[in-house]
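These notes concern the structure reproduced below.
The values are calculated or read from the model by the stated rules, or taken from the named source; none is laboratory data. Note that the coordinates shown come from a computational prediction; the quantities given were computed from them, not determined experimentally. Because the Cβ atoms are built from the backbone with ideal geometry, glycine has one as well, and the counts that use them run over all protein chains shown.
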Amino acid sequence: MPADEDLVTSRGLVVPFSSLNWTFARSTGAGGQHINKTSSKSTLSITTSDVTGPDLAVERVRSLLPAEIRITSQKSRSQWRNRQLCIAQLREMLDTAAMPPAPPRRKSRPTRGSVERRLESKRRESQKKESRRTDNW
């Protein structure tokens, strides 16, 4: 993604470039002197009210996600790569929230064979326990 382009997801949601707020800081962890000198940790924050696109998808995003989304990445030693990881995570988050809900499950009845097997099994267990009883207490 070029540096000054709007973020577009696969579900048609658009986040304008002007609403992408980036902050950078020093990462933690291994890296030696490099980690002490560069600000490679990237934090991306957006407000969900800036997201545009299909009405239903935008409505789902605004209802499921918080008003401000903040994503941080410090996996890579490169600031550019951490920015790409933040953008990918944001795309995935928006697309997941924009998906329509799964259709409700239709109730099904047990098959005739499964009912017969269950009843036969109950009969066998009953006979087994009945054969253990003695009448001469």
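Under the condition of being part of a loop (DSSP other than H, G, I, E, B) and within 30 Å of V58 (Cβ to Cβ), the residues counted in region 10-41 number 6. Against the numbered list (1) surrounded by fewer than 14 Cβ atoms within 10 Å (Cβ to Cβ); (2) touching a residue at least 40 places away in the same chain (Cβ under 8 Å); (3) part of a loop (DSSP other than H, G, I, E, B), R77 comes up short only at (1).
If you go through region 83-106, how many residues are surrounded by fewer than 16 Cβ atoms within 10 Å (Cβ to Cβ), within 15 Å of the chain's Cα centre (by Cα) and within 27 Å of S40 (Cα to Cα)? Before the answer, list the steps.
So in region 83-106, the residues surrounded by fewer than 16 Cβ atoms within 10 Å (Cβ to Cβ) come out as 84, 88-89, 92, 96, 99-106.
From what's left, within 15 Å of the chain's Cα centre (by Cα): 88-89, 92, 96, 99-102.
So of that shortlist, the ones also within 27 Å of S40 (Cα to Cα) come out as 88-89, 92.
Total meeting the criteria: 3.
Quickly run through region 43-74 and pick out the residues that are under 23 Å from G31 (Cα atoms) and either of a type in the set (V, I, T) or in a helix (DSSP H, G or I) (or both). Spell out how you get there, then give the answer.
Pass one, region 43-74, residues under 23 Å from G31 (Cα atoms): 43-44, 71-74.
Scanning region 43-74 gives T43, I71, T72.
Taken over region 11-60, the criterion of being touching a residue at least 60 places away in the same chain (Cβ under 8 Å) and more than 25 Å from P100 (Cα to Cα) is satisfied by W22 alone. Residue-level analysis places V8 outside the set of residues that are surrounded by 17 or more Cβ atoms within 10 Å (Cβ to Cβ), within 28 Å of P100 (Cβ to Cβ) and modelled with pLDDT under 95. Assessment of region 110-119 against the conditions (among the hydrophobic types (A, V, I, L, M, F, W, C), outside any loop (DSSP other than H, G, I, E, B) and in contact with a Leu (Cβ under 9 Å, 6 or more places away or on another chain)) yields no matching residue.
Return the residue satisfying two criteria in turn: it lies in region 23-52 and is touching a Cys at 6+ places or on another chain (Cβ under 9 Å) and of a type in the set (S, T, Y), and of such residues it is surrounded by the fewest Cβ atoms within 10 Å (Cβ to Cβ).
Taking region 23-52 and keeping what is touching a Cys at 6+ places or on another chain (Cβ under 9 Å), we get 42-44.
From what is left, the residues that are of a type in the set (S, T, Y) are 42-43.
Numbers: S42: 26, T43: 17.
That would be T43.
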